[in-house]
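**Q** Submitted below is the structure of interest, expressed as structure tokens.
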Amino acid sequence: MRAFIAACFDDAALDRIVDLQSALSQPMNAAGYKPTPRQNLHLTLAFIPELNEMLICALEQSLKNASLKPATLPYLKTEPLWQRLKSQVLTALFWPEPHLMEISDTVRNVLDQHKVEYDRRPLKPHITLGRARKDVTRQRWMEVSEDVVLPTLPDLRIHGLKLVQSELSPQGSRYTTHFEISFKEA
């Protein structure tokens, strides 16, 4: 099991992401990507390998006290996340706009204050639109998406954070939300 702190979207933003998945259903299916269920769509800010009740309470309180404000994500493009010419995830990528990076830095500072180990790689803002059970090659994606006009997303609004625990199973990921914090409007 692993956990992550994620940015949350409102229903209108989730509708737009699902519309993008629907528009991409033919090449996604042909390449072998299974769409991420609506209830699992999010933007991960930090992966956390271990959780306990005391840490969950401390993180929730610290993030509530951080007085974070909503942010807008400017869409960049849709593409597989490549690792050595292979991909297991299809993503919608976003520009790392300053307010999002401020939210990410605040989350990381809170994790540091509580001496939490987490993945410290730089944030690459993306939403996982689908996962493949086996690697999709760059060549295969090019073949199935060659004639597809990739739709775009309007800018999406982040309205809060949540701490989620993920348990992998043969049926897919099962998420348990430990807490959710809504941002206050400016």
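The values are calculated or read from the model by the stated rules, or taken from the named source; none is laboratory data. Everything numeric in this text was worked out from a predicted model, so none of it was measured. Every residue, glycine as well, gets a Cβ built from its backbone with ideal geometry; the counts of neighbours run over all protein chains shown.
**Q** May I ask you to list pairs of residues, at least six apart or on different chains, whose Cβ atoms are under 7 Å apart, with the first in the stretch 27-49 being buried (at least 19 other Cβ atoms within 10 Å of the Cβ) and of a type in the set (Lys, Arg) and the second being part of a strand (DSSP E or B) and modelled with pLDDT of 90 or more?
**A** Listed pairs, sorted by first residue: none to list.
**Q** So how many residues does the stretch 147-179 have that are modelled with pLDDT of 85 or more and either assigned to a loop (DSSP other than H, G, I, E, B) or not hydrophobic (A, V, I, L, M, F, W, C) (or both)?
**A** Number satisfying all stated conditions: 15.
**Q** Considering only the stretch 136-171, state which residues are exposed (fewer than 14 other Cβ atoms within 10 Å of the Cβ) and more than 24 Å from Tyr75 (Cβ to Cβ).
**A** Answer for the stretch 136-171, where residues must be exposed (fewer than 14 other Cβ atoms within 10 Å of the Cβ) and more than 24 Å from Tyr75 (Cβ to Cβ): Gln139, Glu143, Glu167, Leu168, Ser169, Pro170, Gln171.
**Q** Of all residues in the stretch 15-60, count the ones that are touching a strand residue (DSSP E or B) at 6+ places or on another chain (Cβ under 9 Å), in a helix (DSSP H, G or I) and of a type in the set (A, V, I, L, M, F, W, C).
**A** Total satisfying the criteria: 9.
**Q** So which residues in the stretch 61-72 are in a loop (DSSP other than H, G, I, E, B) and farther than 27 Å from Asp19 by Cα, if there are any at all?
**A** Asn65, Ala66, Ser67, Leu68
**Q** Quick one: Lys184 ticks every box in (1) under 24 Å from Leu24 (Cβ atoms); (2) in a loop (DSSP other than H, G, I, E, B) except a single one, so which number is it?
**A** Unmet for Lys184, out of (1) under 24 Å from Leu24 (Cβ atoms); (2) in a loop (DSSP other than H, G, I, E, B): (1).
**Q** Oh, and also: Give the residues of the stretch 1-18 that are in contact (Cβ under 8 Å) with a residue 60 or more places away in the chain and either closer than 20 Å to Glu60 by Cα or acidic (Asp, Glu) (or both), sorted by residue number.
**A** The answer is Met1, Arg2, Ala3, Phe4, Ile5, Ala6, Ala7, Cys8, Phe9, Asp10.
**Q** Of all residues in the stretch 82-131, how many are hydroxyl-bearing (Ser, Thr, Tyr) and free of Cβ contacts under 8 Å to residues at least 40 places away in the same chain?
**A** Counting residues in the stretch 82-131 that are hydroxyl-bearing (Ser, Thr, Tyr) and free of Cβ contacts under 8 Å to residues at least 40 places away in the same chain gives 1.
**Q** Follow-up. Tell me, which residue of the stretch 73-123 that is loosely packed, with under 14 Cβ neighbours inside 10 Å and not in a loop (DSSP other than H, G, I, E, B) is nearest to the chain's Cα centre (by Cα)?
**A** The extreme case among them is Lys77.
**Q** Tell me which residues, restricted to the stretch 50-72, are polar (S, T, N, Q) and either free of Cβ contacts under 8 Å to residues at least 24 places away in the same chain or surrounded by 13 or more Cβ atoms within 10 Å (Cβ to Cβ) (or both).
**A** Listed by number, the residues that qualify are Asn52, Gln61, Ser62, Asn65, Thr72.
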